[in-house]
Amino acid sequence: AAAVAALPAPEVPEPPEGDDHVRITIYSIGGAMTGVLGKSVNKEFPLIPHVGVRVRGREHFYSDHVEERPSAVMNALMPAEQYQQITLDIGTTDKDDAAIEAWLKEAEGSFNAENYDLWKRNCNHFAEEFVPFLLPDLEQERLDVLLKPVLDFTDSMLDNLPEWRQNL
């Protein structure tokens, strides 16, 4: 919690109507289930992360399909007082709405219910693919600094389990 609180707020706050800034919001969504989920995979989790990507006043994410909600709706659904979170402004995109919609439509082919995997193909992986589309000039190293800890966390959730339990 202290490490998250020490991170600076975005330099440009998101206006209600949105803008061309690309922001990632990392939420802790596990709540009381964090401990239960940790015990089920023989680990102690500090949080269960969820990543949403915000651009033009909308947050895009993957549950069992590609979803989007107005940022204001997400702020109401996931208030900072109840869900530990941080929003990072990582740059501005030059992609227009049509290009973004086309990318999201194409992404539905691989980010769908059939391919969803709580551990290996989730909202965090979606952000890892969507952000480079929005910000093609973003250095991979910078993206890794922002998302790699979240991806490493979810990708390693099953490490303490024998393979037969992982497959369950």
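The values are calculated or read from the model by the stated rules, or taken from the named source; none is laboratory data. The shown structure was predicted, so the numbers you read here are calculated from the model rather than taken from an experiment. In this analysis, Cβ positions are derived from the backbone assuming ideal geometry, glycine residues included, and neighbour counts consider all displayed protein chains. Just so you know, the surface numbers come from the protein's heavy atoms only, side chains and all, with ligands and any DNA or RNA stripped out. Shrake-Rupley method; radii C 1.70, N 1.55, O 1.52, S 1.80 Å.
Between LEU118 and GLU106, the modelled labels are 3.2 nm apart [label points 7 Å from Cα along Cα→Cβ].
Spin-label model, ALA76/ASP97: points 7 Å from Cα along the beta carbon direction are separated by 2.1 nm. Amide H to amide H, with H built 1.01 Å from N, ARG54 comes under 5 Å of ARG23, ILE24, THR25, HIS60, counting only residues 5 or more places away or on other chains.
Between GLU67 and TYR83, the simple spin-label model (points 7 angstrom out along Cα→Cβ) gives 0.8 nm. When GLU59, GLU17 are compared by accessible surface with a 1.4 Å probe, the order from highest to lowest is GLU17, GLU59.
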